[in-house]
Amino acid sequence: MPFYITTPIYYVNAQPHLGHAYTTIAADVLARHMRQRGQDVFFLTGTDEHGEPVADAAHAQGLEPRALADRNAEKFKALAPQLEATNDFFIRTTDEEHMKRVQDVLQRVHDNGYTYKGIYEGWYCPRCADFKVENEILEGNRCPIHEIVLERHQEENWFFRLSAFQKPLEQLFDEQRDFVMPGHHYNEARAFILQGLQDISLSRKRLKWGVTVPWDPDHVFYVWFDALLNYYTALGYARPGEDLTGRFWPATYHLIGKDILKFHTVFWPAMLMAAELPVPEHVFVHGFLLGADGRKMSKSLGNVLDPFEVIEQYGTDALRFYLVRDVAFGSDGSVGMDAVRVRYEAELANEYGNLASRTIAMVQRYRDGVIPAVATDVELARAFEVLPAEVSVVLDRAEPTRALDLIWERVRRLNRYVEERAPWQLARDPEAAGKLDETLASLAEGLRAVSVLLHPYIPASVEKLLLALDAPDVSYARAIFAERGSGLSVQSLEPLFPKRA
């Protein structure tokens, strides 16, 4: 089955930070897992390069918008491989192919009668590139996201008839209750719709940095209409000479932050309906990463944590593990270097890394490096019996943190098994040779099976470990705890997560 997953596309008005890494890693975990299951996967990420926030940031630095976009887009593009992200394409909204497809889709919206020209006046946040309605505005006439004083704008625009989709959107939310996930964000989006939808600005006349409106070249499209279409347009040109739209559209999951909820859960499906295109299956809304000050991690607030610093100190797998493990996907959560260190030392090094080192060392010491080809412990196997199915069900709901919790319970079960069986004591008793064989076979098998499930989270470390077990296959069928030890030879393994100074 096809599985199409996207991250939001990231603004190029500044460099990447941990929030960008967070969404990309979560999407990659889901993409890797679905590939393990043999699904046909397409994973998209990229950069949002038009609009007032980019133009203003460029001019503040004495640059043209294109120069700033080119510079920072490369930094975002370089971030993905450093995160071990396996995205199939990286879209830039300045791609000529994207802009042409935006014009094609929105021309269809125009031809279908869902646009008109008028004067718009309202309170505007240049950093959000969004007009705010009264119930969104903080005391002091400030933006709820960036906390800056809003600007009063009046200008001639083309409008999108969002109000025409009041009933269709209500019907969508009634019939597809998992369209927006998790449930509390579904309720938030539905409440926004039930307040009554008003038509919204489709174009900007005074701004020139954007995609030209084909039926009125004096205007450019409001950046959100250009940006939202990236999920659809990318499929048309991601692979030269091949149109993937029929294969992957509609998307399975759009992963987004909660600050862009109304755009993705209200404006986006309405726009697709206006163009007579299918809406996505799910929009999963995750929470904010919070800085030490308890506020959303934001470039403009200056409270960001540098993902490159975490990678330099602890490695990419540690960053991937920490972000999914420490912040429940779908909720807000505080992050910091101290918390990274605790997760690294307590769980990756002491629980998983130590389990791997001990298991291989005991097989080498007590059985000359060969995993005994004997029946594994039935009771231990029972603890793993339904795990692959449980993990699949949870990840089908886009809950990588919950799935990791389930997997980690078995990591801890294996560590308890070592203490319960005490192989070092069994090795002193010749009459316990059979029990020692069973213990080592079961440990090695449990370690192998749980590592297959961990591969989407910490791929580089798992690949090293499975190679040492002479069992490199990470396909999902290999996550089943086998009834017999493999009989394979193990190789020495350097510490997967060495102590850090």
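Numerical summary
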| item | result |
| --- | --- |
| The stretch 1-94 - percent relative contact order, Cα under 8 Å, separation 6 or more | 40 |
| Reciprocal mean inverse distance between Cα atoms of the stretch 1-60 - Kirkwood radius, Å | 13.0 |
| Gain on full stretching of the segment that runs from Ala501 to Ile119 - 0.36 nm per residue minus C-alpha separation | 131.4 nm |
| Computed Kirkwood radius, in angstrom, where 1/r is averaged over Cα pairs of the stretch 336-479 | 15.8 |
| Pairwise centroid distance, computed over Cα atoms, of the stretch 25-56 with the stretch 243-283, Å | 14 |
| Mean separation of Cα contacts under 8 Å (6+ apart) over length of the chain, as relative contact order % | 15 |
| Glu64 paired with Arg295, simple spin-label distance in nm, labels 7 Å along Cα-to-beta-carbon | 3.5 |
| Val41 long-range amide H proximity, modeled H, under 5 Å | Phe3 |
| Values of log10 I(q)/I(0), in the order q = 0.15, 0.17 Å⁻¹, for the stretch 83-227 under a Debye, Cα-only, solvent-free model | -0.99, -1.20 |
| Relative contact order of the stretch 2-286, pairs being alpha-carbon contacts under 8 Å that are 6 or more residues apart, as % | 21 |
| Cα-based Rg of the chain normalised by 2.2 N^0.38 Å, two decimals | 1.10 |
| Principal axis dimensions, largest first and in whole angstrom, of the stretch 2-286 by Cα | 52, 49, 40 |
| Under the Karplus curve 6.51 cos²θ - 1.76 cosθ + 1.60, θ = phi - 60°, whole-Hz ³J(HN,Hα) for the stretch 32-41, x wherever Gly or Pro sits | 5, 4, 5, 5, 4, 7, x, 7, 7, 10 |
| Separation of the Val378 and Arg177 label points, Cα + 7 Å toward Cβ, nm | 4.2 |
| Equivalent ellipsoid, the stretch 185-342 (semi-axes from 5 times Cα gyration tensor eigenvalues, Å) | 33, 20, 18 |
| The stretch 399-422-the stretch 435-467 distance, computed between alpha-carbon centres (Å) | 12 |
| Using θ = phi - 60° and Karplus 6.51 cos²θ - 1.76 cosθ + 1.60, couplings along the stretch 244-259 (whole Hz; Gly, Pro as x) | 8, 4, x, 7, 10, 8, x, 5, 6, 9, 9, 9, 9, x, 5, 6 |
| Amide hydrogen neighbours beyond the local backbone of Tyr11, cut-off 5 Å, H modeled | Asp48 |
| Sequence-distant lysines (8 or more away, or on other chains) whose Cα lies within less than 25 Å of Lys117 | Lys100, Lys132, Lys167, Lys205, Lys208, Lys262 |
| Long-range HN-HN contacts of Arg484 with modeled amide H, under 5 Å | Thr376 |
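Since every read-out is calculated from the coordinates, none of them should be taken as a lab result. Just so it is clear, the model here is predicted, and its values are computed rather than measured. Because the Cβ atoms are built from the backbone with ideal geometry, glycine has one as well, and the counts that use them run over all protein chains shown.
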